[in-house]
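Asker: Questions regarding the structure given below will be posed in turn.
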Amino acid sequence: MTKLAVVYHSGYGHTHEQAKAVAAGAASVRGVEAELLRIESASQDFAPMLAKLEKADAIVFGSPTYMGSASAAFKAFAEASSKPWMNQKWRNKIAGGFTNSGSQGGDKDSTLMQLFVLAAQHGMMWVSLGLMPGNNSTKGSVEDFNRLGASIGAAAQSPVDAGPELGPSPSDKKTAEHLGRRVAETAKQWNAALVDA
Ligand SMILES: Cc1cc2nc3c(=O)[nH]c(=O)nc-3n(C[C@H](O)[C@H](O)[C@H](O)COP(=O)(O)O)c2cc1C
């Protein structure tokens, strides 16, 4: 069984919806089990979470975009991961990332880059979103797959005056599911290749 963990923060529940979609996409791949690991606060004890992540074959990182970057709680997790980093415990695990914010743009790329750099510091193998941009022509619509046109990872947008039942949109959740599936398929193939080697 290939194990995929989705480790994420969500202050108000919107990014939680995106994380669930990533996990559902991953779990749709035969032979892959997906686990949601929600970061509750910057001051929590990260040791149990880090112990679980050491056993995962793939880790998908997720954070809301707050002030143009990953949230403080996510950053606390990232800094706590300096412990496994010391011994490169996550080296060669498969990685991916996602973010959600209030604006269509909202400086989400800055957050995705932070997630990518975190994975790179750990020596992980980053999986891009792998979708063409949607909603970028006269025929486009907000219902398109990858309507926000991201490529580093999955992007979602949620209205700031509504709860998680109204955002992320169905198209953003579909895009998140795609990322989960893609990371899971990559991890499964990577594991099979390691067994053969
Ligand atoms: C402290 C704070 C900073 C924010 N900064 C941004 C931002 O830089 N760009 C943006 O588009 N939205 C920003 N937002 C809006 C959130 O990204 C948006 O409400 C998101 O859906 C929250 O996700 P969550 O419910 O998972 O916490 C910010 C919200 C908060 C609370």
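Asker: Explain nothing, just the number: dipole magnitude of the chain about its Cα centre with +1 on each Lys and Arg Cβ and -1 on each Asp and Glu Cβ, in debye rounded to the nearest 20.
Answerer: 460
Asker: Enter the angle in degrees (range 0 to 90, nearest 10) between the Cα long axis of helix 108-121 and the first principal axis of the Cα atoms of the chain, meaning the one along which they spread out most.
Answerer: Value to nearest ten degrees: 10.
Asker: Can you tell me the FRET efficiency between Glu143 and Glu54 if r is taken as the Cβ-Cβ distance and R0 is 35 Å, rounded to the nearest 0.05?
Answerer: Details: r = 40 Å, r/R0 = 1.13.
It comes to 0.30.
Asker: Going Cα to Cα from Lys93, which lysines come in below 19 Å? Please leave out same-chain ones fewer than 8 positions away.
Answerer: In chain and number order, the partners are Lys3, Lys52, Lys55, Lys83, Lys188.
Asker: Please name whichever of Thr175, Ala95, Leu131 sits farthest to the positive end of the charge dipole of the chain, dipole taken about the Cα centre and charges placed at Cβ: Lys and Arg +1, Asp and Glu -1.
Answerer: The Cα lying farthest towards the positive end belongs to Ala95.
Asker: Specify the angular offset, from 0 to 90 degrees and rounded to the nearest 10, of the alpha carbon long axis of helix 14-27 from the longest principal axis of the alpha carbons in the chain.
Answerer: That works out to roughly 60 degrees.
No lab work stands behind these numbers, since they all come straight from the coordinates. Note that the coordinates shown come from a computational prediction; the quantities given were computed from them, not determined experimentally. Neighbour counts are summed over all protein chains in view; Cβ atoms, including those assigned to glycine, are modelled from backbone coordinates with ideal geometry.
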